[in-house]
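This report concerns only the one structure given below.
The values are calculated or read from the model by the stated rules, or taken from the named source; none is laboratory data. If you're wondering where the values come from, they're calculated on a predicted model, not measured in any experiment. Counting neighbours? That spans all protein chains shown, and the Cβs are built from the backbone with ideal geometry, glycine included.
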């Protein structure tokens, strides 16, 4: 098993772990956190899977992941602003229709 | 003259102009409606020029930055992209006109509507033209994020909730898609659609990547049973926004799906996978229609109708495998155009009715003769296309789909289309019957002209497109991954 | 890369990353969860270094850990002051749903891992192609060349996404301060006096570095944003007459410049973003500098988290020293 | 083996206990003030030793200088942040641990 494959596998596990967190938790901040972990997993898999080329590393996936990181930050910032707004207008931090968190 | 018309990359301007206008609208909010109208008119013009060029000179590509794929990104103006651009141009122009009347200058919503909508428009057009898997991811994110912001525009608790659901579903979808792109890049070292189409092997890895990307896009396009986020988001947004979300935005991930399945992975996808999507589509048609029948609010009814209509688009996956491919292809793309126009028109009418009556509860609209009755007539005209009655474009589209189902010998899809049409007439009639109910509601004021004419014009266009469906149908097949004859008449 | 003496490291680092992610997701105290998440991102930067992606490592440390961490902490404070502090535990699920989700996730993991064995042993990346055209790209660092030239269109749209985020956030709410009062400490005053120039300097350095080594506009912008936030937390604020059109103009400046450079192509009969060969270098440089400025402001605006109100973000400063710190 | 390498190894080995001690302090000490104490003091020293070890391996003087600069910056921000945290905690009413309980 080569080194990039270890990281690819870890990336896939991070992605699935984040998916679980996104689905299982009701608190919005936690969901956003989980989505970020998913994203990190995807980026890791992306870099690692493309890192198996011999010689100098391929710059194209690096640039793509940079783009991905910035896009994810933009999403996170809007998601957090939305969560804060929901907390401020209705004093709850989860989506409606879910059981009140204990 | 023709030399310029046939060589200039007109389609690029459908991205650039809204981008620049969005910035201007953000900088000078007072002039935003003007910027919006100018943009709407010029985008319509550029779409027309693109259509002219494709019609005469065929599909064309553009290597951005002068770099050839796989190093650079390629924009492709082909038939499928053109139909999407036409939808975008028609819906965008109408909604822009309507929005100048709907949002008032004193309104904070207006200040942010225009930059957000213009960015959304640019993103949609960019997505339709993109020929690169990773660039599709970026454009898709731009589409999703601007849609979310628009869905939350009025700041009501319901809208915020809907927007949050939309955002989380969107994130899950796009990250799943991106993981698929990562696997593809790892296996083939390129993300260009055309190059991938030539090199992709039909093995387990491609299937895994296709499954990831498809799952993500299904979530984004809200196919049953992943539609949970759509009705709250679409129903609680301001009406012009709902019109854009339903008429335009759900088609963006759909086009990516079509490109993936028919251009990149035509051999990877198995018949079983295609039928799974077809069956989910049937589920969407039936479930969405039944839910629409049960709604108590007009906007929710229209939103669930979108859930149902999305189902029809997915019949393409099973029906386009075989000799009926071209027929099904043209049918579905015509349906995209027809649904875009009719659904946008319906949401705009909803907006006018809500503005007049102060609410959109169906029970409270009973006996809505007079001014409201006239609005309901426009609604009915749009519904002609939605349900698929002749001579509307919706009728032609469904007719082609039915022919394709007959040729392919897949009767259950035929049955679902018939049942879906029946249910659709059911929920539309439920609304129309209101106009003929006796009641003593006080007369309502007349809506301003700008809230009356755009939806009417759009629904008229949707009906008339049925009479002039030949050119769009031919254009749909320009550069399409399927070919063959369009079977117009089929005796079972 | 083959397993060598670093194999232990390569097994340990992913394991620790997974553990941190797991703890961050499951710890019932959200503040702890955010801190663990920041630690996760910092270690992730280490993983990028190991995977020979120094540009990504820089971005991860600055944007992933720094900006996202700040955003999360700011949001947590605001949420707790609006809705009260709560512990977050997984929603109670019906056993059937849990089994179904678990099985689906495990099946997905198994399927994906199994499909990895089909990856070609000698993949053809785009590295050689980038190297071949590097000389024509106007910069000497491959990643920057991809970002600003070969795939510059992605970056153009990416900046649009950032700008969109600010518009969306402004549309959602007014700026709510999340500090009751500016941080104050005699140490901080001295620290700022030293650190703000250093941050400005290192941002310029990173930007300059980007043309031939790992670094570039986004990394530089996050350093600049860090400086702006530091000043903001210490009580500095934007003068009210600047928070209207001038601020908006600065926010869009980078994007507008990029857009203007992009349409030179179609206006002169070339493709979008196809720069005239003689202008490639100055155009990219100009776009990059303006982008850095705008992105730094955009990142700062996302942390502030609302449209400018025109009033002071804090109550009047308690000590006269706070006045002296405004710059 | 180059004497420089040996020196580097010695410095790295010397750094490890400081980080270990700092981390144990962070995890085991009773209150925020004690933890800050452990963290900032021990880690700064440990980082200094690592920086020296790495500076010995650097190819150019400029690289060594940059490594030293990193150490200085970390110490500077560590001290400021520690002070800010301690001050905020004190103002929030946290009582420093006094040896009882």
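Here is how the numbers come out for the structure above:
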{"item": "Hits in segment D:67-101 (condition: over 21 Å from residue D:23 (Cα atoms), surrounded by 13 or more Cβ atoms within 10 Å (Cβ to Cβ) and either under 12 Å from the mean Cα position of the chain (by Cα) or more than 10 Å from chain C (Cβ to nearest Cβ) (or both))", "result": "D:67, D:68, D:90, D:94"}
{"item": "Residue identified as touching a helix residue (DSSP H, G or I) at 6+ places or on another chain (Cβ under 7 Å), within 14 Å of chain C (Cβ to nearest Cβ) and modelled with pLDDT of 95 or more among B:24, B:90, B:86", "result": "B:24"}
{"item": "Qualifying residue in segment B:30-44 (condition: touching a residue at least 12 places away in the same chain (Cβ under 8 Å), surrounded by fewer than 22 Cβ atoms within 10 Å (Cβ to Cβ) and not in a helix (DSSP H, G or I))", "result": "no"}
{"item": "Close pairs from segment B:136-162: first at the interface with another protein chain (Cβ under 7 Å from one of its Cβ atoms), partner buried (at least 24 other Cβ atoms within 10 Å of the Cβ) and in a loop (DSSP other than H, G, I, E, B), Cβ under 6 Å, at least 6 apart", "result": "B:160/B:152"}
{"item": "Boolean, residue C:140 is over 19 Å from the mean Cα position of the chain (by Cα) and outside any helix (DSSP H, G or I)", "result": "yes"}
{"item": "Which listed residue is modelled with pLDDT of 90 or more, within 18 Å of residue C:153 (Cβ to Cβ) and either more than 21 Å from the chain's Cα centre (by Cα) or not in a loop (DSSP other than H, G, I, E, B) (or both), from C:271, C:296", "result": "C:271"}
{"item": "Members of segment B:283-298 that are in a helix (DSSP H, G or I) and surrounded by fewer than 23 Cβ atoms within 10 Å (Cβ to Cβ)", "result": "B:283, B:286, B:287, B:290, B:291, B:293, B:294"}
{"item": "Residues of segment A:8-33 classified as in a helix (DSSP H, G or I) and within 7 Å of chain C (Cβ to nearest Cβ), total", "result": "16"}
{"item": "Residues of segment C:1-10 classified as at pLDDT 75 or above and at the interface with another protein chain (Cβ under 7 Å from one of its Cβ atoms), total", "result": "1"}
{"item": "Sole residue being under 24 Å from the mean Cα position of the chain (by Cα) and either over 30 Å from residue A:67 (Cα atoms) or in contact (Cβ under 8 Å) with a residue 60 or more places away in the chain (or both), chosen from C:68, C:77", "result": "C:77"}
{"item": "Residues of segment C:158-194 that turn out to be surrounded by 20 or more Cβ atoms within 10 Å (Cβ to Cβ) and within 18 Å of residue D:80 (Cβ to Cβ), as a count", "result": "4"}
{"item": "Scope segment C:88-118; condition out of contact with any helix residue (DSSP H, G or I) (no Cβ under 8 Å at 6 or more places or on another chain) and more than 30 Å from residue B:181 (Cα to Cα); matching residues", "result": "C:89, C:92, C:94, C:95, C:96"}
{"item": "Residues satisfying the stated conditions in segment C:14-56, i.e. in contact with a helix residue (DSSP H, G or I) (Cβ under 7 Å, 6 or more places away or on another chain), under 26 Å from residue C:206 (Cβ atoms) and either more than 10 Å from chain A (Cβ to nearest Cβ) or in a loop (DSSP other than H, G, I, E, B) (or both)", "result": "C:38, C:39, C:42, C:43, C:45, C:46, C:49, C:51, C:53"}
{"item": "Residue in segment A:63-75 that is in contact with a strand residue (DSSP E or B) (Cβ under 8 Å, 6 or more places away or on another chain) and part of a helix (DSSP H, G or I) present", "result": "no"}
{"item": "Segment A:33-55, subset surrounded by fewer than 24 Cβ atoms within 10 Å (Cβ to Cβ) and without any contact (Cβ under 8 Å) to a residue 12 or more places away in the chain, residue nearest to residue A:23 (Cα to Cα)", "result": "A:53"}
{"item": "Within segment D:18-47, tally of residues that are without any contact (Cβ under 8 Å) to a residue 24 or more places away in the chain and buried (at least 18 other Cβ atoms within 10 Å of the Cβ)", "result": "3"}
{"item": "Matching entry among B:117, B:121 (being within 20 Å of the chain's Cα centre (by Cα), buried (at least 24 other Cβ atoms within 10 Å of the Cβ) and farther than 26 Å from residue B:7 by Cα)", "result": "B:117"}
{"item": "Candidates C:60, C:80, filtered to the one that is in contact with a helix residue (DSSP H, G or I) (Cβ under 8 Å, 6 or more places away or on another chain), surrounded by 14 or more Cβ atoms within 10 Å (Cβ to Cβ), in a helix (DSSP H, G or I) and facing chain A (nearest Cβ under 10 Å)", "result": "C:60"}
{"item": "Scan of segment C:154-199 for residues that are within 14 Å of chain B (Cβ to nearest Cβ) and part of a loop (DSSP other than H, G, I, E, B), ordered by number", "result": "C:173"}
{"item": "Pairs where the first residue, in segment A:56-70, is more than 7 Å from chain C (Cβ to nearest Cβ) and the second is buried (at least 24 other Cβ atoms within 10 Å of the Cβ), C-beta under 6 Å, 6+ apart", "result": "A:61/A:46; A:61/A:47; A:61/A:50; A:64/B:134; A:68/A:43"}
{"item": "All positions within segment B:238-254 that are under 19 Å from residue B:161 (Cβ atoms) and not in a helix (DSSP H, G or I)", "result": "B:238"}
{"item": "Residue count for segment C:91-137, restricted to those that are under 29 Å from the mean Cα position of the chain (by Cα), more than 7 Å from chain A (Cβ to nearest Cβ) and part of a helix (DSSP H, G or I)", "result": "7"}
{"item": "Some residue of segment C:281-291 being at pLDDT 90 or above and either loosely packed, with under 14 Cβ neighbours inside 10 Å or at positive phi (or both)", "result": "yes"}
